[in-house]
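S.K.: This is the structure I want to talk about, given as C-alpha cells.
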Amino acid sequence: MIAAQRIVAASRSASYDGVPPEPLLAIPVLEIELNGDGSVRRVSVMRQPSQARDTVQLAIDAVHRAAPFAEVSHLPKPWKFTEVFLFADDRRFKPRSLD
C-alpha cells in the first residue's frame with residue numbers, strides 16, 4: 001500500500017475522495033522521513049499555507065496516525081517522501097499523490 005493510501009485509511013473521517021474542490025482552503029506540503037522500520041522519524045513543513053494554518057497540524061497528525069509505514073531498511077537512504085495535502089473548506093484533506 002502506498003503511503004498516501006495508508007494516510008487516508010487511517011483518517012477516513014478527515015479525508016475525502018473525488019475531485020478536489022475549487023478553490024482549495026489550504027495546501028500544506030510535508031516531507032516525511034522514516035526510520036528503517038517504517039516509523040516516522042521526522043516531519044518537516046516544506047510549504048505552510050498563508051491561511052488556515054491549522055491544516056498543517058491536521059496533516060502532521062494524519063501522518064502519525066498512519067504510522068508505521070512499510071519497512072524501508074532494504075531501500076537506499078534517504079528514507080523520505082513528500083506529500084501535498086489538498087484541504088477543502090470543511091478541513092478534510094486528500095493527498096495529492098492520489099489525484
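Nothing in this text is a laboratory measurement; each read-out follows from the coordinates by a stated rule. Here the structure is a predicted model, which means the values were calculated and not measured. For neighbour counting, all protein chains shown are included, and Cβ atoms are generated from backbone atoms with ideal geometry for every residue, glycine included.
S.K.: DSSP beta bridges in the chain, what fraction antiparallel, as a percent rounded to 5?
M.R.: Working: 15 of 16 bridges.
Around 95 percent antiparallel, to the nearest 5.
S.K.: For the range 18-66, report the translational diffusion coefficient in µm²/s to the nearest whole number, using Stokes-Einstein at 4 °C, 1.567 mPa s, and a Kirkwood Rh over Cα pairs. Don't skip to the answer; put the middle values down first.
M.R.: Working: Rh = 11.9 Å.
The calculation lands on 109 µm²/s.
S.K.: Hey, another quick one. Under 17 Å from the 7 Å Cα→Cβ point of D90, by amide nitrogen: which residues of the range 10-34?
M.R.: Residues 11-26 qualify, since their backbone N sits under 17 Å from the label point.
S.K.: Here's another thing I want to ask about it. Within the range 22-99, which GluC sites (Glu not before Pro) sit in a loop by DSSP and count at most 16 neighbouring Cβ atoms inside 10 Å? Please list the in-between numbers first.
M.R.: On the way: sites: E31, E33, E71, E83; in loops: E71.
When the GluC sites (Glu not before Pro) of the range 22-99 are filtered for loop state and at most 16 Cβ neighbours within 10 Å, E71 remain.
S.K.: Under the rule that an exposed site lies in a DSSP loop and has at most 13 other Cβ atoms within 10 Å, name the longest stretch of the chain with no trypsin sites (Lys or Arg not before Pro) of that kind, not counting the sites themselves.
M.R.: Answer - 1-52.
S.K.: I've got another one for you. Let me have the 222 nm mean residue ellipticity of the chain computed from DSSP H runs of 4+ only, each contributing -39500 (n - 2.57), with the sum over all residues rounded to the nearest 500. Kindly include the intermediate steps, with their values, before the conclusion.
M.R.: Numbers: 2 runs with 21 residues, N = 99.
Mean residue ellipticity, 222 nm, calculated: -6500 deg cm²/dmol.
S.K.: Now a separate question. Of all alpha-carbon pairs in the range 3-98, indicate the percentage at a distance above 19 angstrom. Please list the in-between numbers first.
M.R.: Details: 1678 of 4560 pairs.
Value for the range 3-98: 37 percent of Cα pairs lie more than 19 Å apart.
S.K.: Using a Förster distance of 30 Å, how high is the FRET efficiency between R12 and V43, based on the Cβ-Cβ distance and rounded to 0.05?
M.R.: On the way: r = 21 Å, r/R0 = 0.69.
Efficiency, rounded to the nearest 0.05: 0.90.
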